[in-house]
1. Rounded to the nearest 0.05, what FRET efficiency do Glu486 and Arg534 have when you use their Cβ-Cβ distance and R0 = 25 Å?
2. Quick check on the chain: of the DSSP beta bridges with both residues there, what percent are antiparallel, nearest 5%?
3. With every protein chain present, what is the per residue accessible area of the chain (1.4 Å probe, Å²)?
4. So, in Å, what gap is there between the alpha-carbon centers of segment 241-283 and segment 430-475?
5. Counting only protein heavy atoms and a 1.4 Å probe, tell me what percentage of segment 789-850's accessible area is made up of carbon and sulfur.
6. Using every alpha carbon pair in the chain, what percent of pairs falls into each 10 Å bin from 0 up to the bin containing the largest distance?
7. Identify, among Ser778, Val756, Ala728, the residue whose Cα sits farthest towards the positive end of the charge dipole of segment 695-801, taking +1 on the Cβ of Lys and Arg and -1 on the Cβ of Asp and Glu, with the dipole about the Cα centre.
8. Modelling each spin label as a point 7 Å along the Cα-to-Cβ direction, I'd like the Ala547/Asp765 distance in nm, to one decimal.
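The values are calculated or read from the model by the stated rules, or taken from the named source; none is laboratory data. None of the values given here were measured: they were computed from a predicted structure. As a convention, Cβ positions derive from the backbone with ideal geometry for all residues, glycine included, and neighbour counts pool all protein chains shown. For the accessible areas, the whole protein counts, side chains as well, though only heavy atoms, and no ligand, DNA or RNA atoms are used. Shrake-Rupley method; radii C 1.70, N 1.55, O 1.52, S 1.80 Å.
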Amino acid sequence: MRQFTQNPNIAGQPRLADLLHVTHPARYLGGERGSIVKDRATVDLTFALAFPDVYEVGMSHVGSAILYKVLNDLPWLAAERAYAPWPDREAQLRAAGEPLASLESGQALASFDIVGFSLQYELSYTNVLTMLDLAGIPRRAAARDDRHPLVVVGGPCALNPEPLAAFIDCAVLGDGEEAVAELCAAVRAARAAGLGRPELLQALARIPGLYVPAFYEVSYRSDGRVAAITARPPAPPAVRRRIVADLDAAPYPDEPIVPLLQTIHDRVAMEVARGCTRGCRFCQAGYLYRPVRERQPDTLRRLIDAALQRSGYDEVSLLSLSTGDYTAIEPLLQNLMGCYADHKVAVSLPSLRVGSLTPALMEEIKKVRKTGFTLAPEAGSERLRQVINKGITEDDLLATSKTAFTLGWRIIKLYFMMGLPTETDEDLAALVDLAARVKATGRGTAGGADVNVSVSNFVPKAHTPFQWEPQLDREQIRARQEFLREALKKRRLRLKWHEAELSVLEGVFARGDRRLAPLLERAVDLGCRFDGWRDHFRWDLWQQALAETGIDPAFYLRARQSGEILPWDHIDAGVSKAFLLRERQNALLGRATADCRFGQCCACGVCDFEKIRPRLADRQRLPAPAAVPAAGGGEPAADLPKLRLTVRKGERAAALSHLEFMTVIQRAVRRAGIPVRWSAGFHPAPRIGFGDALPLGVTSEAELVDLDLAAPMTAAEAMAALNRELPAGIAVLAAQPVSRREPSAAASLATARYRVPLPARGPADLPARLAAFLAADSIAVERLKKGRPLRIDLRPWVVALELDAASLWLTLHGGSPLPVAAYLLGLPVEEVRALGVCKTAVTLHEAAPDCEGGADG
């Protein structure tokens with residue numbers, strides 16, 4: 001193993017001037033509340049949790065958040081995060097010769113002991129290789145030595161890791177909470193013993209649940225099928241996935257990292273259960289996460305209470321594969337609503353199953369906000385739902401949709417799949433008819449009713465009863481999509497679909513083998529990135545890579561023989577192959593398999609009934625609803641003032657958009673416990689007023705924020721409480737009460753003064769330019785707004801212009817300083833943005849008090 005020293009190739013924190021030229025620069029800032037930065041000198045091991053997608057997606061992944069806590073709870077280890085940079089940021093890194101670095105400390109990924117990728121989706125594989133390239137880490141495991149990090153993968157796609165076998169050192173199979181800690185302990189021990197990389201890999205291969213591809217040799221038959229998979233000592237013939245026996249006792253983050261920008265799931269995410277035994281035969285997650293293990297409701301209450309307090313979020317999402325099946329769902333929801341409904345905290349259940357949705361449960365869901373209603377019948381006909389073991393009837397679905405419309409939901413999203421085994425034209429026609437009948441259940445309800453139909457393409461996955469089935473090719477998918485599009489259009493229903501090319505590629509890698517490595521490398525070399533993103537997917541480049549590497553997608557989309565050796569047969573997901581074959585036969589016969597949670601054991605092979613077994617929640621284990629201070633509402637006391645804050649927005653915070661800045665303040669106010677009033681209506685919001693939007697890249701010493709108090713609190717108390725909760729770069733400089741009758745923060749502003757540092761080579765005639773500007777009646781310029789040219793007059797914005805040896809000073813009573821400075825300096829707006837413009841002061845209309853004083857008690 002390499003010695004633990006600071007790698008000389010340290011990236012450092014990104015420069016603000018660079019970030020202002022990329023989309024969503026806050027992705028790369030770090031410093032979020034809840035993030036952990038340890039001194040490398042105090043730990044023995046470093047671990048980079050690398051997510052092969054953009055920040056907003058990776059920050060929404062609960063598994064990564066769990067591992068971040070598990071690893072950082074080890075006093076001898078520092079875990080940090082890295083995400084796939086968007087193409088514009090990747091181009092910056094390549095142009096500057098800078099390596100990909102972690103968010104927390106800005107250390108290059110190549111300087112970490114372990115780099116671990118979470119594989120949630122096959123179409124993220126190109127991003128894995130791109131991140132290795134940007135980090136300066138050799139792609140192929142065989143090219144790495146003691147100088148390089150150990151490259152590890154985990155997540156659902158790791159249960160068929162063969163397409164990535166050439167690139168990874170090991171894979172963590174199954175639940176990671178315990179296995180990852182054991183992996184890190186083994187790396188630490190190997191390093192302390194002075195072992196090299198080969199000896200370390202041998203040690204890892206002995207740990208249950210760790211798969212080391214280097215110890216397995218694969219041979220192939222002349223027709224391309226797998227002939228044999230042979231393990232070399234010390235690796236076992238098959239590696240069985242790890243299962244956390246007691247989820248209630250497993251660690252879970254109660255102080256979430258609070259992002260500086262909006263993420264995909266921007267709320268407290270609470271995993272209520274893991275595993276599902278409903279037995280939908282297409283669903284890989286249903287087989288990879290067995291058995292069902294539920295957290296106790298009192299544990300969930302404790303975790304939710306802490307997470308809400310420490311994050312400032314106003315929504316909780318109860319997560320599992322089927323949250324409606326959680327044993328204590330109704331008493332838990334009632335308890336949470338009893339605590340938080342008056343505090344304007346919404347509770348969402350993103351994974352609800354028809355049949356588990358009772359009217360009482362739906363009543364609880366809608367109490368605070370209707371957070372969206374989605375139903376997934378998956379197939380249109382009763383026959384096909386029996387094939388896939390969905391276990392719901394058309395009557396169930398229609399009854400649920402009618403209840404939802406009656407309770408006030410206006411739009412229902414229906415999710416279907418097409419291309420399922422045995423599917424016929426009649427099944428597709430039944431899909432259209434069912435969607436229309438769901439819409440009809442909303443007739444006569446207040447506000448109208450609508451239905452959106454989303455149809456994905458069936459992709460057979462490893463370790464499911466359908467792993468032997470064929471997948472539709474590109475032309476077949478397109479033909480069926482066209483049929484659905486036209487048929488739904490006639491019923492006035494909208495269709496969302498998945499591109500055929502994306503599904504074909506997903507299918508190739510989902511059941512792929514090691515021979516796909518050259519294809520993946522060539523696609524990356526050609527420029528394939530973010531393949532799961534419609535706007536970035538390049539089918540033409542993939543076609544070129546397929547042609548150059550001689551790989552035919554049809555070989556991987558074909559049906560498999562029941563006795564065929566599959567590329568993942570040495571990966572034991574816990575569910576036996578005999579059970580999967582039995583389920584496949586049941587599918588073809590249209591036989592149902594009952595949920596073992598409610599009936600007898602179906603002998604899938606996962607449980608040992610000692611340590612590994614279903615663990616269900618106790619409905620009685622709930623504390624009484626705690627008294628939570630209610631959010632403000634109604635009319636406050638007549639003499640209750642607003643608090644007006646003067647806020648600094650420093651250099652790193654200048655990379656936040658105005659909306660992101662507002663969100664940071666709102667969440668800090670919640671964490672600080674400042675009692676603000678809330679608006680009424682469908683989407684209640686805190687009554688926090690902001691001044692004019694500050695352009696991206698501009699710092700400020702004088703941002704105005706008004707807090708509409710719902711209960712008495714002194715300015716000094718609010719200022720101190722808020723400063724404890726704000727992230728680095730944002731601080732309250734002053735706070736004072738103002739009358740509720742005073743105009744809002746934005747309406748109070750008279751002028752703003754900006755300092756513009758002069759560029760190294762400014763125009764020699766700048767004083768004359770200023771004089772000409774002030775003497776003019778109109779200064780018309782053209783700007784681009786949302787990609788379209790817009791002509792504006794700068795002159796009415798400007799009150800005064802001044803010049804000293806280092807700075808240009810602008811006094812404006814409206815508009816943005818950037819186009820004004822750009823005009824005067826003869827520079828593009830983006831160059832002016834990078835100069836470090838600062839708002840130094842504001843003046844208010846005479847009716848409002850001066851806001852430059854300190855906190856008033």
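1. Calculated value: 0.70.
2. 55
3. Using a 1.4 Å probe on heavy atoms only, each residue of the chain averages 40 Å².
4. 26
5. Ligands and nucleic acids excluded, carbon and sulfur give 57 percent.
6. P(r) for the chain, in whole percents per bin: 2, 11, 19, 23, 21, 14, 7, 2, 0.
7. Ser778
8. For the pair Ala547/Asp765, the computed spacing is 5.6 nm.
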